[in-house]
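Reviewing the structure listed below.
Values quoted throughout were computed directly from the atomic coordinates according to the rules given, and no laboratory measurement underlies them. The structure displayed is predicted, hence computed values, not measured ones. Using ideal geometry, Cβ is built from the backbone for each residue, glycine included, and neighbour counts are taken over all protein chains shown.
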Amino acid sequence: MSTSSSFEERFGSHRMRFEAPDQICTVLGGRLSVEEAEAIIGRIYEIGRRHGPLLSMLDVTRYETSGDRVRQVFLRGTTERIPVRAGAIYGASFPIRIAMSMVLTAGAHILPSRFSFPVTFTPTEAEARAWLDAHRPADSVRPADLLPTGT
């Protein structure tokens with residue numbers, strides 16, 4: 001598995017950032033089209049194949065409900081497990097949190113082998129990062145952790 005440097009990609013008004021060695025941060029900036037959802041999911045699988053199980057942080061502060069067709073993208077069957085070790089969603093309004101909870105619950109029941117990772121909702125990015133850090137494997141060291149302090 002590679003521990004190459006971080007990068008960011010755009011998918012319409014949305015973006016995904018990989019933070020080496022094992023974290024993705026996806027920012028949903030409005031409505032999500034089927035094509036954008038498919039591209040984002042596809043990219044998560046690609047990054048997971050290259051870097052191993054990921055910690056996933058999802059910013060839904062500006063997300064708008066995108067409908068049944070987009071939900072189906074996330075629930076579509078495949079034999080490949082979603083390469084996520086743990087997920088944190090932050091900035092969700094009450095209706096968005098309910099809708100996402102329903103998709104996650106449905107996924108866990110319909111495709112338990114794909115949705116077998118813990119997910120939490122937090123109000124802020126800082127809380128999401130702290131929760132994910134608690135789910136980081138002990139042998140995984142983030143590059144920032146390697147920098148000397150006091151310089």
Just how large is the dipole of the chain about the Cα centre, in debye to the nearest 20, putting +1 at every Lys and Arg Cβ and -1 at every Asp and Glu Cβ? 280 debye
The FRET efficiency for Glu64 and Ala138, from their Cβ-Cβ distance with R0 = 25 Å and rounded to 0.05, is 0.05
Within the chain, which DSSP H helices have Cα atoms that stretch 27 Å or more along the helix axis and a mean Kyte-Doolittle hydropathy of at least 0.5? none
Virtual spin-label span in nm between Thr124 and Arg81, 7 Å along Cα→Cβ: 3.4 nm
Taking the beta-carbon count within 10 Å as an exposure proxy, list Asp22, Asp133, Asp59, Asp68 from fewest neighbours to most. Asp68, Asp133, Asp59, Asp22
Computed helical MRE - 222 nm, the chain, DSSP H runs ≥ 4 contributing -39500 (n - 2.57), nearest 500: -11000 deg cm²/dmol
